[in-house]
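The values are calculated or read from the model by the stated rules, or taken from the named source; none is laboratory data. What you see is a predicted model, and the numbers here were worked out from it, not measured in a lab. Virtual Cβ from ideal backbone geometry, glycine too; neighbours counted across all protein chains shown.
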Amino acid sequence: MRTALVTGVTGQDGAYLSQFLLSKGYRVIGMMRRSASSDVIGERLRWLGILNDVELVDGNLTDLSSLIRIMQTYKPDEIYNLAAQSFVAASWQQPLLTGNVTGLGASCVLEAMRMVQPGARFYQASSSEMYGLIQAPMQSETTPFYPRSPYAAAKLYAHWMTVNYRESFGMHASSGILFNHESPLRGIEFVTRKVTDGVARIKLGLAKTLPLGNMRATRDWGHARDYVQAMWLMLQQDVPSDYVIATGRTTSIQQLCNIAFGYVGLNPEDHIQCRNDLIRPAEVDVLLGDASKARRVLGWTAETSLEDMIAEMIEADLSRHRVRLAA
Ligand code: NDP
Ligand code: GDP
């Protein structure tokens, strides 16, 4: 039985990846940071019905000793570094913490692995945000980066550290440059989930308006359930490398709203409130990924359409609110 260590196990991708690894017969060690709310923090794992199947262990990306101890105890064959301060908007409010966790934190995982488990395989959760002010209409592994937020700058550092540990020490370290991916387990602060939750509230008469920022930005949105499979595939290759994971379709926030409101028979113009305070200090206007390398080498393609994913998210949010209303 192979053992996988997943940092960020309580997040969206940590939950879906754990579910996928368990289905493959892995022993899954999920690292979570100690919290006074540990009874609710495993909500996503509970939602997927795997809370009791993942072995949860306390640790923090900013505490190298905790990572060393975990690796010594569990000797993982595969290490998936998903933990991060992952919200771009928050990274302008907490740039130092973001640098510490999202950037240096990845170095801590690599360093612990180098000391304790150099033969393990490592996955780094890199991000399309690293392309920022895009240098090519479609972004691939060879497109130059131009980060536009403290989050993106921190991710870029972690990305290059992954490449450097691979090239300097011969470690099996791969970086997945994942474009935005969503699901019913997406954090409520991200725009897709904010919209599907808002649509559900409005449909049920719990709210009238939905405040949003820049409606013109476009994103290449896929489903997290599809994307975690690509992470695993990367670590099954003989040779470590970096891969763009994307759908190849980009959609504006306005179009996303049209799809979501349309799904429940509402008109977005009756409910959306554009608010200047939700506009970011710097914007990433367009992201559109070219995942042809992943298709060619990993045999991976995105399966779920944006429409199907939005429908799944709205249905999940409607159910959540109906349960609360009934309680
Ligand atoms: P989430 O925000 O849902 O999850 C982040 C996880 O990191 C949570 O489990 C969180 O724990 C944990 N975490 C935060 N700080 C620390 C810390 N100091 N020590 C240990 N754990 C910590 O992110 P996603 O699941 O959406 O994304 C997974 C990774 O992929 C992230 O690195 C993200 O930046 C990256 N990524 C995501 C994309 C997306 O569209 N989803 C696109 C590209 C990259 P807690 O529950 O306690 O907050
Ligand atoms: P990001 O691509 O990682 O920053 O993912 P987000 O879901 O947070 O944001 C995607 C895009 O939606 C960005 O261009 C935001 O500026 C835009 N956006 C517009 N209104 C909102 C909003 O109210 N919340 C969020 N999170 N994003 C918004």
Do the conditions hold for His172, that is, is it buried (at least 18 other Cβ atoms within 10 Å of the Cβ), more than 16 Å from ligand 1 (Cβ to nearest atom) and under 24 Å from Val228 (Cβ atoms)? yes
For region 16-28, does any single residue satisfy the condition of being within 16 Å of ligand 2 (Cβ to nearest atom), surrounded by 24 or more Cβ atoms within 10 Å (Cβ to Cβ) and at pLDDT 95 or above? no
When the residues of region 221-246 are filtered to those that are within 14 Å of ligand 2 (Cβ to nearest atom) and either among the small types (Gly, Ala, Ser) or over 13 Å from the mean Cα position of the chain (by Cα) (or both), which remaining residue is farthest from Met138 (Cα to Cα)? Ala224
Scan region 64-93 for residues that are over 22 Å from Ala173 (Cα atoms) and over 19 Å from the mean Cα position of the chain (by Cα) and jot them down. Gln93
Which pairs do you get when a residue that is among the charged types (D, E, K, R), found in region 140-152, comes within reach of a residue that is part of a loop (DSSP other than H, G, I, E, B) and modelled with pLDDT of 95 or more, reach meaning Cβ atoms under 6 angstrom, with the pair 6+ apart or on two chains? Arg148/Gly132; Arg148/Leu133; Arg148/Ala282; Arg148/Val284
Go through region 190-233 residue by residue and tally those that are more than 22 Å from Ile279 (Cβ to Cβ), of a type in the set (A, V, I, L, M) and away from ligand 1 (no atom under 15 Å from the Cβ). 5
Please work out if Leu133 is more than 22 Å from Asp226 (Cβ to Cβ), in a helix (DSSP H, G or I) and modelled with pLDDT of 95 or more. no
Residues satisfying the stated conditions in region 10-64, i.e. among the hydrophobic types (A, V, I, L, M, F, W, C) and near ligand 1 (Cβ under 8 Å from one of its atoms): Ala15, Met31, Met32, Ile41, Leu61
Within region 98-121, the residues that are surrounded by fewer than 16 Cβ atoms within 10 Å (Cβ to Cβ) and either near ligand 1 (Cβ under 10 Å from one of its atoms) or hydrophobic (A, V, I, L, M, F, W, C) (or both) are Met115
Residue among Leu306, Leu298, Leu287 that is farther than 14 Å from Glu182 by Cβ, in contact with a helix residue (DSSP H, G or I) (Cβ under 9 Å, 6 or more places away or on another chain) and surrounded by 17 or more Cβ atoms within 10 Å (Cβ to Cβ): Leu298
Out of all the residues in region 102-113, is one or more in contact with a Leu (Cβ under 9 Å, 6 or more places away or on another chain), within 16 Å of ligand 2 (Cβ to nearest atom), at positive phi and in contact (Cβ under 8 Å) with a residue 24 or more places away in the chain? no
Kindly check whether there is at least one residue in region 33-49 that is touching a residue at least 12 places away in the same chain (Cβ under 8 Å), away from ligand 2 (no atom under 16 Å from the Cβ), farther than 14 Å from Gln117 by Cβ and touching an Asp or Glu at 6+ places or on another chain (Cβ under 8 Å). yes
Would you check if Arg320 is assigned to a helix (DSSP H, G or I) and over 19 Å from Glu189 (Cα atoms)? no
Does at least one position in region 255-274 carry a residue that is out of contact with any Ser or Thr (no Cβ under 9 Å at 6 or more places or on another chain) and under 29 Å from Gln93 (Cα atoms)? yes
Subset of region 126-160 that is within 24 Å of Trp92 (Cα to Cα), within 19 Å of the chain's Cα centre (by Cα) and away from ligand 1 (no atom under 14 Å from the Cβ) - its residue that is surrounded by the most Cβ atoms within 10 Å (Cβ to Cβ): Arg148
Against the definition (in contact with a strand residue (DSSP E or B) (Cβ under 7 Å, 6 or more places away or on another chain), within 16 Å of ligand 1 (Cβ to nearest atom) and not in a helix (DSSP H, G or I)), how does Ala302 come out, yes or no? yes
